[in-house]
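Take a look at the structure below.
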Amino acid sequence: MKATSLSFLRCPASRCGQSPLTADVWARTQLPTGEDDVLEGLVSCADCGGSYPVVAGVLLLIEDLAGYLRDHLGVILHLTDFPPGEAMAQWLTSRAPDDTDARYVRRSMKLEERYVNAFLGAHYDRDRLAADPENPLSELMAAAVARDVWTRCSTLVDEVRPGSALDAGCSVGGLSATLSQRQARTIGFDTSFLSVLAARRAVLSGPTPLDAYRAYGEGDRYQEHGLTVAAQPRYADFVVASALAPTAAGPVDLTCAINLIDLVPDPARLLDTLVAQTNEGGHVLITSPYGWSDVARNRWLGGAAGQSSPDALRSAAADRGLRVAWEDRQVPWLWRDYSRFWRLHSVDAVLFVRT
Ligand SMILES: C[S@@+](CC[C@H](N)C(=O)[O-])C[C@H]1O[C@@H](n2cnc3c(N)ncnc32)[C@H](O)[C@@H]1O
């Protein structure tokens, strides 16, 4: 966490947000931009007395920290390149529930690494991946990339020209990098620890640069591909946080939830949280393939009423004072799992303006 990011963040507990957060820094480093980066330490909220750890440069701004550590403690303790110091390892272990199962966590870390690499390819290397001459669908995929969700997002950001932004469910940070290139001060956040660590390494080069990623082939085989990230790292930072809780100290010009709303247990709450963090006259950008995996049907937008998801999103947004500024209900979103398995979604994309 950049030292300067503290003033842009708030305690995720809904009753807090009045007092600024403070940091007790245990280890620090300097990013290539010359900015001060907290590598390890504790961030505190004077309102509720809550403490949020920073590990390997990643702030865990999570209200239910114990619940988070149940799933992520092993991931963090077993980081090969950036393991926490002894005192931090003890602090984290003391905050995790007693029944935390480290074996389960190690297994999920392996899965997550693969997932993080797939997103690195999707965010930063999609032109090359889609142009694979051995793939019979390469022409179709190259055409999809030319008008895909990332191309659309870049155009929209150029039109909206936000001075500040939140990228909810940022994964490895591709959209935040695009926003930073346009000099929008951006906080990208995600609940996946390894994704946020990868975003910080790819975009900020901290704690160390991420120069390559794994493009998986058959089984466990992979090719290492060089990673080139276009960004202005001074304008971005990344933290672990939930999109269902407030993250920003004050409202921003643009809030984004790209391919996230159909994954959270309470989509209406996500919408409320995005709107609450958007300036009046600011914009909210939402895209989704509406898979609704693991979301109870009565929580889907339009699920209880039997309404189509795109219509339900627009009416839920209108109820919250959002007006459609631009929309396209069929935008390609291409995601490569491994060399023989691609997913091509057609996502609904809407840019709202907050009235
Ligand atoms: C389908 S991926 C989309 C990632 C990225 N926006 C993209 O379109 O490539 C969804 C992301 O949301 C994250 N996520 C899931 N629930 C979340 C939550 N409640 N708050 C923040 N991020 C969340 C996941 O870890 C994952 O990185």
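Would you confirm whether any residue within region 127-142 is surrounded by fewer than 18 Cβ atoms within 10 Å (Cβ to Cβ) and within 16 Å of the ligand (Cβ to nearest atom)? I'd like the intermediate steps shown before the answer.
Pass one, region 127-142, residues surrounded by fewer than 18 Cβ atoms within 10 Å (Cβ to Cβ): 127-128, 131-140, 142.
With the extra rule that they be within 16 Å of the ligand (Cβ to nearest atom), the set shrinks to 127.
Checking region 127-142: at least one residue is surrounded by fewer than 18 Cβ atoms within 10 Å (Cβ to Cβ) and within 16 Å of the ligand (Cβ to nearest atom).
Every residue in region 262-280 that is free of Cβ contacts under 8 Å to residues at least 40 places away in the same chain and surrounded by fewer than 16 Cβ atoms within 10 Å (Cβ to Cβ), please.
Those that are free of Cβ contacts under 8 Å to residues at least 40 places away in the same chain and surrounded by fewer than 16 Cβ atoms within 10 Å (Cβ to Cβ): P265, D266, R269, A276.
If F238 meets every condition in (1) at pLDDT 95 or above; (2) more than 13 Å from the ligand (Cβ to nearest atom) apart from one, which number is that one?
Tallying (1) at pLDDT 95 or above; (2) more than 13 Å from the ligand (Cβ to nearest atom), F238 fails exactly one: (2).
Take the residues of region 205-228 that are among the acidic types (D, E) and part of a loop (DSSP other than H, G, I, E, B): which is nearest to E134 (Cα to Cα)? Walk me through it before giving the result.
Looking only at region 205-228, we keep the residues that are among the acidic types (D, E), and these are 211, 218, 220, 224.
Filter again for part of a loop (DSSP other than H, G, I, E, B), leaving 211, 218, 220.
Details: D211: 25, E218: 14, D220: 20 Å.
Once the filter is applied, the top-ranked residue is E218.
So, in region 108-145, how many residues would count as being touching a residue at least 24 places away in the same chain (Cβ under 8 Å) and among the small types (G, A, S)?
Adding up the residues that qualify gives 6.
Inspect all residues belonging to region 253-272 and state whether any of them is in contact with a helix residue (DSSP H, G or I) (Cβ under 9 Å, 6 or more places away or on another chain), assigned to a strand (DSSP E or B) and more than 13 Å from the ligand (Cβ to nearest atom).
Yes: region 253-272 contains one or more residues that are in contact with a helix residue (DSSP H, G or I) (Cβ under 9 Å, 6 or more places away or on another chain), assigned to a strand (DSSP E or B) and more than 13 Å from the ligand (Cβ to nearest atom).
Out of P53, P32, which single residue is in contact with a Ser or Thr (Cβ under 6 Å, 6 or more places away or on another chain) and not assigned by TED's automatic domain parsing to the domain that holds A276? It would help to see each step written out before you state the result.
Working: P53 fails: in contact with a Ser or Thr (Cβ under 6 Å, 6 or more places away or on another chain).
The match here is P32.
The values are calculated or read from the model by the stated rules, or taken from the named source; none is laboratory data. All values reported here derive from a predicted model rather than from experimental measurement. Here the Cβ is made from the backbone with ideal geometry for all residues, glycine too, and neighbour counts use every protein chain on show.
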